[in-house]
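Visitor: Can you keep this structure in mind? I'll have questions shortly.
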Amino acid sequence: MSDQSTIIPFQNAHNHRASPQSIFFDRGEFQAILNIYGKMVASGYWKDYAISASKDVATFAVFQKASERPIFRITKTPALHHKQGAFAIHSSQGQILKRGQELPQVLKYFEKKLIKLVQ
């Protein structure tokens, strides 16, 4: 009788993860989005938001009322980074209003709504 132990390798154990990695906004991107969100809430344009993350895209949706469809969606799609730009703003109908490589440049779309005529 031999006292040798048998090792059975678990092949491809690293390929069977519970769920794929989700895409999300990093800290700086999220802070930039929340800064513009706070300004728009203070101006009375926006009321509520929702965040969603999946394996392909991260979304920050903005609402005027919580019971309605989002009026804007700010998305991050890293797969489009080298093509059209990873960041985009979508309207409530799904049209792309602004797209770009840098989030601060894309968020400038909302600056024109904050400018008010002072008499």
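The values are calculated or read from the model by the stated rules, or taken from the named source; none is laboratory data. All values derive from a computational prediction rather than experimental measurement. So basically every Cβ, Gly included, is an ideal-geometry build from the backbone, and we count neighbours across all protein chains shown.
Visitor: Confirm whether residue 103 is touching a residue at least 12 places away in the same chain (Cβ under 8 Å) and over 14 Å from the mean Cα position of the chain (by Cα).
Guide: Numbers: touching a residue at least 12 places away in the same chain (Cβ under 8 Å): yes; over 14 Å from the mean Cα position of the chain (by Cα): no.
Against the criterion (touching a residue at least 12 places away in the same chain (Cβ under 8 Å) and over 14 Å from the mean Cα position of the chain (by Cα)), residue 103 does not qualify.
Visitor: Can I ask one more? So which residues in region 36-50 are in contact (Cβ under 8 Å) with a residue 12 or more places away in the chain and either in a helix (DSSP H, G or I) or among the β-branched types (Val, Ile, Thr) (or both)?
Guide: Once the filter is applied, which keeps residues that are in contact (Cβ under 8 Å) with a residue 12 or more places away in the chain and either in a helix (DSSP H, G or I) or among the β-branched types (Val, Ile, Thr) (or both), region 36-50 yields 36, 37, 39, 40, 43.
Visitor: Further, regarding this structure: Taking region 60-69, which residues are surrounded by fewer than 19 Cβ atoms within 10 Å (Cβ to Cβ) and either within 14 Å of the chain's Cα centre (by Cα) or closer than 17 Å to residue 28 by Cβ (or both)?
Guide: Restricting attention to region 60-69, the residues satisfying the condition of being surrounded by fewer than 19 Cβ atoms within 10 Å (Cβ to Cβ) are 61, 63-69.
Across region 60-69, the qualifying residue is only 61.
Visitor: Could I ask something else about it? Could you count how many residues in region 23-42 are surrounded by 12 or more Cβ atoms within 10 Å (Cβ to Cβ) and farther than 17 Å from residue 102 by Cα?
Guide: Count: 4.
Visitor: Within the bounds of region 60-72, is there any residue that is among the β-branched types (Val, Ile, Thr), touching a residue at least 60 places away in the same chain (Cβ under 8 Å) and outside any loop (DSSP other than H, G, I, E, B)? Steps first, please.
Guide: If we filter region 60-72 for residues that are among the β-branched types (Val, Ile, Thr), which is where we start, we get 62, 71.
Those still in the list that are touching a residue at least 60 places away in the same chain (Cβ under 8 Å) too: none.
No.
Visitor: While we're here: Just give me the residues in region 1-43 being of a type in the set (Asp, Glu) and modelled with pLDDT under 70, in sequence order.
Guide: Looking only at region 1-43, we keep the residues that are of a type in the set (Asp, Glu), and these are 3, 26, 29.
Hit for region 1-43 is 3, nothing else.
Visitor: Tell me, please, whether a residue that is of a type in the set (Asp, Glu) and modelled with pLDDT of 90 or more can be found in region 57-77. Break it down stepwise before answering.
Guide: Pass one, region 57-77, residues of a type in the set (Asp, Glu): 68.
Narrowing the set further to residues that are modelled with pLDDT of 90 or more leaves none.
Checking region 57-77: not a single residue is of a type in the set (Asp, Glu) and modelled with pLDDT of 90 or more.
Visitor: Oh, and also: So how many residues does region 43-81 have that are farther than 19 Å from residue 101 by Cα and of a type in the set (Ser, Thr, Tyr)?
Guide: 6
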